[in-house]
Amino acid sequence: MLRLAVIAGLVLLAASDLRAQAADIFAPNAPLPRLELPTIDGKRSVDLGELTGKPTLLIQFASW
Amino acid sequence: MPVWYDAARELAAQGRLRIIGITEEQHADRCRLYAQWKGYDFPILWDPFNLTGSSAVPLVMGIDAAGVLRLPRMDVRRAREELETLLGTSWPAEHLPRLDPFPAVGLEVTRDEGGAANPRVAADRALGRLLFSRVRNAAPPSRELFGSALSALEVYAAAEGAPASARFRLGVARRLRYDSPWRDPADFQASLDDWYAALEREPARYIWRRRIQQWGPRLDKPYPFYDWVESALVEVRARGEEPVVPSVPLTGAEVAGGTREIPRREAQEVHPDPKGGLPRDTEGLVHLETAVALHTGPTAGRVRVPPGTARIHLVLRPDREHSVHWGNEAGPTRLWIEVPAGWDVRHNLWTFPLTSKAPTSSEVRRLDFEVRPPLGPPSGHRLHGTLFYPVCLGDDGVCTLLAQDFEIEVPLPASPSGAGPADEAAGKEGAGDDSSGG
């Protein structure tokens, strides 16, 4: 039990470090966070945590 | 982005891949025009508050069918191979636990930490209300919504221990209000101040830095931000489509490219009213708004240009209650600006761009230009200006040439490294370029 807890702790620590390298809320090998954002036309929204069912290419960008 | 779209569109058409974009821009409709111009048909999400926490763009990630992030930094040089890896790999069922941000803004899921009495919870709820106003109410934020949201964001940003992101997001909300019918004339400057204060605390946040640079001096621009807009409008119309027209007019700073040149006075210019004899606009017929967008170099301790190098923004609004119009037949609106000794400014005499060919008009007029203090201790930091404008009262009213005097105080931020401008080698002034963002 103790061993499992230590492994879980190490896993969380690793995830936290990787998160800091990429972006604050995106952790490699973890599900996307529950973050809902509106579309640019303001007509609907998407929850990143619900992007399942097929692979997703997620592109963060700016038009500039 | 175009490379990724070219590589992924066929897979998406086959139903094998979903493409989602997230834009980190202040103005969603500019990105809508960009997507229309490029023919992007996938959903693009709007993250003006930088809720994802990403420090730079572009950032491309591959997510497996279970919703697990598998490829956190996909390489555009190997776009097709990266996509093959994402689709062709049998990803293990095991994964790390989800690390959700709390509260999940928009979902209105919050920890039980005192509810709205907790400044952080109240601020996050305020962000959600602003961000989702169009989705949930089919309307932009109201005056009341802006008022209550900004109050909550101000309280949190000023709270002890609040992160720098709280100040950045407050600035975003202020700029949103500035671009709305509920504008406070001070919102533009306040948003720039918020972003600068946030960036001073976390200089590696390039998305925050870009928000200032969008309106900042050319000496600080890594690239032009919206120089593509005019071409996009023309090309979309040429295709027979109605383009998405940006609701907020572009300023000169937003279409200008970077430069390493020092702005120099080009010629000796003549003051339009050297004796100050013209009548002054004592009734407030034209409202002047000013904002100073500072060079962001000092936030990172890279003082390659003197602190205080800035882009000055002037906005003129004819008073609606007095039915004030520009008297266009009597000439343009002009500015005479005087800078302290040793400062650089390209002109003393500026002419506002004329956007109407009608004899009278009442549009908002904008002008922005750059100033640069001398290396070494500056001789002052106040700019003295006089505006000259022919205005008419009412549709058939009398037109007259008026003047308005004003002052602008340019802040001179200290360098965190302690290195003052005098310590910098002359001639090293650069664009403050950095390659990690954008």
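No lab work stands behind these numbers, since they all come straight from the coordinates. In this text, all values refer to a predicted model and were calculated from it rather than measured experimentally. Neighbour counts are summed over all protein chains in view; Cβ atoms, including those assigned to glycine, are modelled from backbone coordinates with ideal geometry.
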Quiz item: For the peptides B:138-148, B:55-65, what is the packing order when you average, over each peptide's residues, the other Cβ atoms within 10 Å and list the highest mean first?
Solution: B:55-65, B:138-148
Practice problem: With springs only between Cα atoms under 10 Å apart, run a GNM on chain B and tell me which of B:381, B:27, B:271 wobbles the most. | Solution: B:271
Exercise. Determine, from the Cβ-Cβ distance of residue B:231 and residue B:344 and an R0 of 45 Å, the FRET efficiency 1/(1 + (r/R0)^6), rounded to the nearest 0.05.
Key: 0.90
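Over all distinct alpha-carbon pairs, what is the Kirkwood Rh of segment B:115-206 in angstrom?
13.3 Å is the Kirkwood radius here.
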Quiz item: What is the average number of partner chain Cβ atoms found within 10 Å of a Cβ in B:51-60?
Solution: 6
Quiz prompt | Under 13 Å from residue A:43, Cα to Cα: aspartates and glutamates that are on another chain or at least 8 residues apart | solution = B:29
Self-check item: Ascending count of other beta-carbon atoms within 10 Å, so fewest first, for B:254, B:202
Solution: B:202, B:254
Exercise. Please list the non-local residues whose amide H lies under 5 Å from the amide H of residue A:35, H modeled 1.01 Å from N, same-chain partners needing a gap of 5 or more.
Key: A:48, A:49
Practice problem: Take every residue in peptide B:225-238, count the Cβ atoms of other chains within 10 Å of its Cβ, and give the average of those counts. | Solution: 1
Quiz prompt | Distance (nanometres) between label positions extended 7 Å along Cα→Cβ at residue A:50 and residue B:162 | solution = 3.1
Quiz prompt | ³J(HN,Hα), Karplus 6.51/-1.76/1.60, whole Hz, each residue of segment B:352-367, x for Gly, Pro | solution = 5, x, 8, 10, 10, 9, 6, x, 9, 7, 9, 6, 6, 10, 10, 8
Quiz item: Once label points are set 7 Å from the Cα along Cα→Cβ at both residue B:38 and residue B:358, what is their separation, rounded to one decimal in nm?
Solution: 3.7
Quiz item: Whose amide H sits under 5 Å from the amide H of residue A:45, counting only residues 5 or more places off or on another chain, with H placed in the peptide plane?
Solution: A:39
Quiz item: Taking N as the number of residues in the protein assembly as shown, what is its Cα Rg relative to 2.2 N^0.38 Å?
Solution: 1.07
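At 25 °C and 0.890 mPa s, grab the translational diffusion coefficient of segment B:258-423 from Stokes-Einstein with a Kirkwood Rh over Cα pairs, rounded to a whole number in µm² per second.
142
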Quiz prompt | Cysteines without a disulfide-compatible partner [chain B; Cβ-Cβ under 4.7 Å] | solution = B:31
Self-check item: Folded to 0 to 90 degrees: helix B:119-131 orientation relative to chain B principal axis, Cα
Solution: 80
Self-check item: Pair residue B:242, residue B:136: separation of 7 Å Cα→Cβ label points (nm)
Solution: 3.0
Self-check item: trypsin sites (Lys or Arg not before Pro) lying in DSSP loop within segment B:323-371, provided at most 16 other Cβ fall within 10 Å
Solution: B:346, B:357
Quiz item: Other chains near B:71-77: what is the mean number of their Cβ atoms within 10 Å of each residue's Cβ?
Solution: 3
Quiz item: In sequence order, what are the phi-derived ³J(HN,Hα) couplings for segment B:379-385 according to the Karplus relation 6.51 cos²θ - 1.76 cosθ + 1.60 with θ = phi - 60°, rounded to whole Hz, with x for glycine and proline?
Solution: 7, x, 9, 10, 9, 10, x
Practice problem: Place the peptides B:81-92, B:274-285, A:35-46, B:206-217 in order of packing, highest mean first, counting for every residue the other Cβ atoms within 10 Å and averaging per peptide. | Solution: B:206-217, A:35-46, B:81-92, B:274-285
Quiz item: Rg/Rh for segment B:2-88: what does it come to with C-alpha atoms and Rh from Kirkwood?
Solution: 0.95
Practice problem: Average the reciprocal distances over every distinct pair of alpha-carbons in chain B, invert the result, and give the Kirkwood radius in Å. | Solution: 24.3
Quiz item: Using θ = phi - 60° and the Karplus curve 6.51 cos²θ - 1.76 cosθ + 1.60, what whole-Hz ³J(HN,Hα) does each residue of segment B:161-170 get, with Gly and Pro shown as x?
Solution: x, 5, x, 4, 4, 5, 6, 4, 5, 4
Quiz item: In a GNM of chain B with a 10 Å cut-off on Cα contacts, which of B:196, B:40, B:178 has the highest mean-square fluctuation?
Solution: B:40
